[in-house]
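Everything below concerns the one structure shown next.
The values are calculated or read from the model by the stated rules, or taken from the named source; none is laboratory data. Just so we're clear, the structure is a prediction, and the values are computed from it rather than from any experiment. Positions of Cβ are generated from backbone atoms using ideal geometry, with glycine treated the same way; all protein chains shown enter the neighbour counts.
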């Protein structure tokens, strides 16, 4: 059993029968509002020194990244980020000037996305920990889950993948506008953000939807300096991976945002055998498939 | 400048001009809903090994406490807890059976309060960290802030204070029903939960309300085995401290819950000089007063 499976087994009892609650286990938790088509999106995320960044990293960018990751998850549902709470775990003796820079990084990105910061508590920890709780919403349309792709849907991705450590893992722009347009126009049938990399997140979406997939490897939009393997496995792209029915994919020509869009494959029924070259690129795929 | 003041200076720019947002810096952040008298309450809180519990503590109780603390903050606004997200920071090599017990502790308390658990992510940390995000609401009435006490209001407290390490710091029952009754009946004019102890939290409420206070020390409900000093300074009581106008305090006779209520003093105007015996019991009071 992998750690992901173990945690899923522990939280299995958490799946609520409350019909207002959907999307548990998705990028965000979703609470359907009374109005029918308004939903509340809830996301909690933490970045930890030594895991998500090194002690030597620029504190402004550490703060920015902590919030940006959570925004990316709201974007992956097609939502608008609204309110954030930040909890900072500080090692004793942590320099005030570094702390100040962390807050500045958070504040700058929040301002950019018009997110209200509602609280900034601190606690003592041995390593620096930034925990962000973000509330978002969709107003007048439904959030896009990762579990609702259909057989035959085209697989699309925003931007380019790989070489993220060099290019953008600290400075990526969450795809909020892209996600909102795809959700509001009811074009995306399923969506997920690429935090762990295409090689983990595509199988995740497929599994949640009860499907398999076929990829055109020559279509994968590798970032400058990234090999195909890196585009699959490096992670921290924070691009959107989404599916679209063939009838609706023509509408993507009207995509009003400069971000590039690329079709990379098609969703297939669960029994479809992934080709060997693709399988080799999907680390972590086999144990997910076994379930 | 104390750490609390330093953090307040860093997050000063966060105070939003959005009229929907109130209660920033209170027990919870408050978002006023469209319906006028419905509000969303948001709380993020973390417990950390070595700070809030020892490595040797019962993992079931660690999980329980992480959620209970956040519930207590919702209770302090008079709200109903609804949805929780849990992020678990795990040291490498952490025993699965201990993790299982943590989740059980969380799940048991969530069930008790009918809280839907919407997510349970994990990340790597050096010390065990449990971060809880809790969403609550008040429906048809306003949440009670800590900043709205009036001069002349009586000061009341639920239950008894002190000796918490022995009696209840792991097993306390958040005062949700008590807080809701006091808010719904519009009896409490201000409210706070006693997490840091009466000696810190009462000055905090007074400062937020722009007032001072007078206490009757012989009325403080010390728990069995607790000295007056411990009742003020030990912390982790998780009782409710609230203020009531003299005209309304008669209504407390109708309090329908078994929890004891005790009047301990009166709110005074800001210039009122705290008596020396009380001052001695208020550690941390002086630097708060200076602001």
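Table for the structure above
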{"item": "Positions within region A:208-262 being outside any loop (DSSP other than H, G, I, E, B), out of contact with any strand residue (DSSP E or B) (no Cβ under 7 Å at 6 or more places or on another chain) and under 13 Å from residue A:197 (Cα atoms), in sequence order", "result": "A:229, A:230, A:232, A:233"}
{"item": "Cross-chain or 6+ apart pairs with Cβ under 9 Å, region A:216-243 first and not assigned by TED's automatic domain parsing to the domain that holds residue A:266, then assigned to a loop (DSSP other than H, G, I, E, B)", "result": "none"}
{"item": "Count of region B:79-99 residues which are touching a residue at least 24 places away in the same chain (Cβ under 8 Å) and in contact with a helix residue (DSSP H, G or I) (Cβ under 9 Å, 6 or more places away or on another chain)", "result": "10"}
{"item": "Options A:74, A:62; residue that is within 17 Å of residue A:118 (Cβ to Cβ) and either touching a residue at least 24 places away in the same chain (Cβ under 8 Å) or within 10 Å of chain B (Cβ to nearest Cβ) (or both)", "result": "A:74"}
{"item": "Among the candidates B:167, B:118, residue that is surrounded by 20 or more Cβ atoms within 10 Å (Cβ to Cβ) and either on the phi < 0 side of the Ramachandran plot or over 20 Å from the mean Cα position of the chain (by Cα) (or both)", "result": "B:118"}
{"item": "Residues that are part of a helix (DSSP H, G or I) and more than 8 Å from chain B (Cβ to nearest Cβ), drawn from region A:81-109", "result": "A:97, A:98, A:101, A:102, A:104, A:105, A:106, A:108, A:109"}
{"item": "Members of region A:15-56 found to be more than 9 Å from every other protein chain (Cβ to nearest Cβ), modelled with pLDDT under 85 and touching a strand residue (DSSP E or B) at 6+ places or on another chain (Cβ under 7 Å), listed by number", "result": "A:22, A:27, A:32, A:33, A:38"}
{"item": "Residues (surrounded by fewer than 20 Cβ atoms within 10 Å (Cβ to Cβ) and in contact (Cβ under 8 Å) with a residue 40 or more places away in the chain) located in region B:43-59", "result": "B:50, B:55, B:57, B:58"}
{"item": "Positions within region A:122-147 being out of contact with any helix residue (DSSP H, G or I) (no Cβ under 8 Å at 6 or more places or on another chain) and free of Cβ contacts under 8 Å to residues at least 40 places away in the same chain, in sequence order", "result": "A:123, A:124, A:125, A:126"}
{"item": "Residues within region B:122-134 that are within 7 Å of chain A (Cβ to nearest Cβ) and either farther than 13 Å from residue B:68 by Cα or surrounded by fewer than 18 Cβ atoms within 10 Å (Cβ to Cβ) (or both), tallied", "result": "7"}
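Okay, residues lined up against (1) under 16 Å from the mean Cα position of the chain (by Cα); (2) under 21 Å from residue B:49 (Cβ atoms):
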| residue | (1), (2) |
| --- | --- |
| B:91 | no, yes |
| B:104 | no, yes |
| B:141 | no, no |
| B:171 | yes, yes |
